[in-house]
Every structure is written in structure tokens, then in C-alpha cells.
1. Quick one: how many residues across the range 159-179 are near ligand 2 (Cβ under 9 Å from one of its atoms) and buried (at least 19 other Cβ atoms within 10 Å of the Cβ)?
2. For residues in the range 77-100 being more than 11 Å from ligand 1 (Cβ to nearest atom) and in contact (Cβ under 8 Å) with a residue 40 or more places away in the chain, which is nearest to the chain's Cα centre (by Cα)?
3. Going by what's in this entry, would ALA102 be described as in contact with a Cys (Cβ under 7 Å, 6 or more places away or on another chain) and buried (at least 18 other Cβ atoms within 10 Å of the Cβ)?
4. Can you find even one residue in the range 22-35 that is within 10 Å of ligand 1 (Cβ to nearest atom), aromatic (Phe, Trp, Tyr) and in contact with a Lys or Arg (Cβ under 9 Å, 6 or more places away or on another chain)?
5. Name the one entry in ALA148, ALA157 that is in contact with a Cys (Cβ under 7 Å, 6 or more places away or on another chain) and touching a residue at least 40 places away in the same chain (Cβ under 8 Å).
6. State which residue pairs qualify: first residue touching a residue at least 40 places away in the same chain (Cβ under 8 Å) and inside the range 269-290, second residue more than 15 Å from ligand 2 (Cβ to nearest atom) and among the hydroxyl-bearing types (Ser, Thr, Tyr) in any location, beta carbons under 9 Å apart, and separation of 6 or more residues or different chains.
7. From the list GLU53, GLU78, pick out the single residue that is acidic (Asp, Glu), assigned by TED's automatic domain parsing to the domain that holds GLN130 and not in a helix (DSSP H, G or I).
8. Let me spell it out: the conditions are (1) closer than 21 Å to ILE117 by Cα; (2) away from ligand 1 (no atom under 12 Å from the Cβ), and THR47 meets all of them except one. Which number is the exception?
Amino acid sequence: MLDVHFGAGNIGRGFIGETLADNGFKITFVDVNETLIDELNKRNGYTIELAAEGQEHIEVHDVKGINNGKDPKAVAEEIAKADIVTTAIGPKILKFIAPLIADGIKLRQANGNTDPIDVIACENMIGGSQSLKGSVYETLNDDEKAFANQYIGFPNAAVDRIVPLQKHDDPLFVSVEPFKEWVIDKSQMKNPKIELKGVDYADDLEPYIERKLFSVNTGHATVAYTGNMKGYKTIGEAVKDNSVVDQAKRVLGETGDLLIQKWGFDPEVHHAYQAKILSRFENPYISDDIERVGRTPIRKLGFDERFIRPIRELKERGRDYSALVDTAGMMFFFNYPNDSESVKLQQMLQDEPIEQVIRETTGLKDEDLINEIKAAYEKHLAETK
Ligand SMILES: NC(=O)c1ccc[n+]([C@@H]2O[C@H](COP(=O)([O-])OP(=O)(O)OC[C@H]3O[C@@H](n4cnc5c(N)ncnc54)[C@H](O)[C@@H]3O)[C@@H](O)[C@H]2O)c1
Ligand SMILES: O=P(O)(O)OC[C@@H](O)[C@@H](O)[C@H](O)[C@H](O)CO
């Protein structure tokens, strides 16, 4: 059994690789990072460490790498033979790898390979695999689309495991939190014969992806942006400050209100889920940078992303969303020179009035909401003076 996995980064090696290897798959990692690819091909394996007492090690074997920047043909050839395709490269990169997946599908068709497979985007976004499908289909003709409609599934997925930036001498070694959750939308699969152990299958992914994104990621981002305002550099430092944790609790209270109302989650179970999330942020065996958790702030300000979507939906329901708006106002202060989106955001703030920056980054048309976020931004700006 073969998995072709795009993105040999933290979650790719630290979660998707572990799960597929544990299910007996060989894995071909596709990445543009030469060091990672060379090392994978030299050693055909790597080590995962669990960030918890005992620091257990897990060895992953039977892996290799392809640099898609150098050898795109080899990627298509590998997809032509694959039993599953997965990605963990970042939502904004999906459209760049879509032509490679399309080439793999074309080769499967040319080879007469009618074994059904699923292409699963393991990204922090709503509708990730379906969005990837849209980009893949842009480069298929009608005949190829008909083949893909029959044999290639794009089931959406939610993945949850905190894997911070790795700072080890070994470029493949990856330290991960013990908690892990991977849910795949069963109704969108073409190959139900592959039922992975360690993965949950849902008939409808929407409640799970929203619960994950608006709890883990909204909470995480709140710790990052509130911590950033206070000058902290790591999530560990930030969660030692009660005012940061209080802000995260207020925000989770609001998204919890929405999720419970919208999806009917049991309030007690949901509150336990939230408490578990906060304890995960406090894991002393993990050192996670605010720079990583707050990365790409323009993406995170998006219309369907972790702040604006729950704000919109709470407003529609006439519920409180004040802590979410307060935190959204802090996002404009995220300024890390190595994060090109944060540099762009700061430039936008230099060039345009704040309300225009809010309009452009969030896609909001609701002028009242734009003014509320503007007021939060201006309040935080005054606090910095
Ligand atoms: N790290 C986590 O805690 C975590 C948890 C759940 C989900 N995710 C999601 O997983 C995805 C990846 O996150 P990550 O933390 O592993 O990031 P990462 O930066 O560690 O890994 C991304 C990898 O993709 C590679 N890449 C970038 N552009 C590429 C291209 N054009 N072709 C091939 N490879 C390319 C990079 O070289 C890198 O190795 C994101 O969508 C993230 O939201 C991350
Ligand atoms: O990956 P992002 O940039 O969407 O979000 C940053 C973190 O919140 C995220 O990577 C979490 O660590 C992860 O989603 C936990 O499952």
C-alpha cells in the first residue's frame, strides 16, 4: 500500500506519516525542501518523539522523498501507483500542487488504473479536499473529469495535533504532543475499503471541522495574538499569564455557544473538550512559538476563518461575540519580518485607513461589524502608546 503525501513538514511527518505507517503504508513524501527530501532518501525512516513524560520514541520506516520542484514527472508516476494521496502543506499552497495531482490522475487514466483512491487535504481549513478538487479540475478536460468523478474521491478532513516548529540537529526528528484526532468525511470517499486505524470517519464532517477550527485554532490564535500584545514570544509564556488565559476562555465561551447551538453538541462534553484544549496549550514538553501559531494573519482574518466566521454566525443569531471582535482587533499588531503576510499586513496599515484594511482582509461587507473591529483595533492601539 502506498501513500503519496505532499508536505514533509511538521504535521506531515509528525502525524499523517505516523498514522499511515502504522497502517502498513509505504510513504512517498513530496516536498520542495531539499534537505528533508535528501535525508528521507538517505535513511528511509525518521523518529517521532511524544512530548510527554517518558518522551517515547516512535520509528517510522519505509519512506522516501521526491522534490517536486526538480522532478514533477516522478510525482505523477507515484500517484499513478498510489492507494491514497494526502497533503499537509498549508491552505494557500494547495492550488500550486493541484496540477501535479491532475497529472497523476491523467496517468492513472492512461494506464487504465480504475482502482478508486481518495485525495485527502489535511489542512486547517473548512472544505480543504473539495477546494483542492476545484483546483485539480481546472486542469482536466471533460473526459478526464468524468474519469476523476468515477474513481478519485476528495473527502474533506479535520486533523488535530500540536506540532511546533522543530529545532533539532536531525532535520527529520519531530516532537509531537500525544493528543491526536483525524476525522475524514466518509460520504465523500471513493475507496471505503481503506479504513485507517487511528482515524475517525464521519458521515458529515462539518460539525467536526467547525468544532476543531473554532475551538483549538480560535483558542490557540487568541493565546498567540493576546500574548503578542503583551510581548511574549512563546505559547508557554503566554499561558502563564492569567489575563491571556481569561481572554482565551472568553473567546471559547463565545465559539462554544455557537457550536452548541448550531450542532447540538452536549454542553458538558463540549466544556470538557475546551478544558482539554487549554491544558494542551500548557504542555511543558512543548515549546511553541507565537510566531508559528499567529502565522499568516491575513489568511486567519479570512471570511470563513477562525474569527470572522464565528463572529458572523453569532451576530446572525443575536449572541455575544465581543471577545472574538476584541481579539480580531489584536491581529493587526502581528508583525514578524519572516512572515510575508504579516509584513504585507503592516504595509497595508501604512498605506490605507484601518477600515479599508479590515474590508480587504476579512471580506466583510457589514459596515457595523467593520466598525466594531476598527474600534477594537483603535482601543489596542491606544494601549500600546
Ligand atoms: N503543525 C500543526 O500543529 C498542525 C496541526 C494540524 C494541522 N496543521 C496544518 O497542516 C498544514 C501544514 O502545517 P505544518 O505545521 O506541518 O507546516 P510546515 O511548514 O511544517 O510543513 C509544510 C511543508 O510543506 C512544504 N511545501 C511548501 N510549499 C510546497 C510546495 N509548493 N510543494 C511541496 N511542498 C511544499 C514545506 O517545505 C514544508 O515542509 C497546514 O495547513 C496547517 O494548518 C498543522
Ligand atoms: O496551522 P495554522 O497556521 O492554521 O494554525 C496554527 C496552529 O493553531 C495550528 O497549527 C495548531 O497547532 C493545530 O491546528 C493543532 O491541531
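The values are calculated or read from the model by the stated rules, or taken from the named source; none is laboratory data. No experiment lies behind these values; they were computed from the predicted model shown. All Cβ positions, glycine included, derive from the backbone under ideal geometry; neighbour counts span all protein chains shown.
1. Of all residues in the range 159-179, those near ligand 2 (Cβ under 9 Å from one of its atoms) come to 159-164, 177, 179.
If we keep only those that are buried (at least 19 other Cβ atoms within 10 Å of the Cβ) too, we end up with 159-164, 177.
The qualifying residues number 7.
2. Step one: filter the range 77-100 for residues more than 11 Å from ligand 1 (Cβ to nearest atom), giving 77-85.
From what is left, the residues that are in contact (Cβ under 8 Å) with a residue 40 or more places away in the chain are 78-79, 81-85.
On the way: GLU78: 25, ILE79: 23, LYS81: 27, ALA82: 23, ASP83: 23, ILE84: 19, VAL85: 17 Å.
Step by step, filter the range 77-100, then rank; the result is VAL85.
3. Values: in contact with a Cys (Cβ under 7 Å, 6 or more places away or on another chain): no; buried (at least 18 other Cβ atoms within 10 Å of the Cβ): yes.
In short, no.
4. Of all residues in the range 22-35, those within 10 Å of ligand 1 (Cβ to nearest atom) come to 29-35.
The next check asks that each one be aromatic (Phe, Trp, Tyr); those that pass are 29.
Checking which are in contact with a Lys or Arg (Cβ under 9 Å, 6 or more places away or on another chain) leaves us with 29.
Looking for residues that are within 10 Å of ligand 1 (Cβ to nearest atom), aromatic (Phe, Trp, Tyr) and in contact with a Lys or Arg (Cβ under 9 Å, 6 or more places away or on another chain), one finds at least one in the range 22-35, hence yes.
5. Working: ALA148 fails: in contact with a Cys (Cβ under 7 Å, 6 or more places away or on another chain).
The conditions single out ALA157.
6. What qualifies is ILE290/TYR232.
7. On the way: GLU78 fails: not in a helix (DSSP H, G or I).
Only one candidate passes the filter, namely GLU53.
8. Going through the list (1) closer than 21 Å to ILE117 by Cα; (2) away from ligand 1 (no atom under 12 Å from the Cβ), THR47 breaks only (1).
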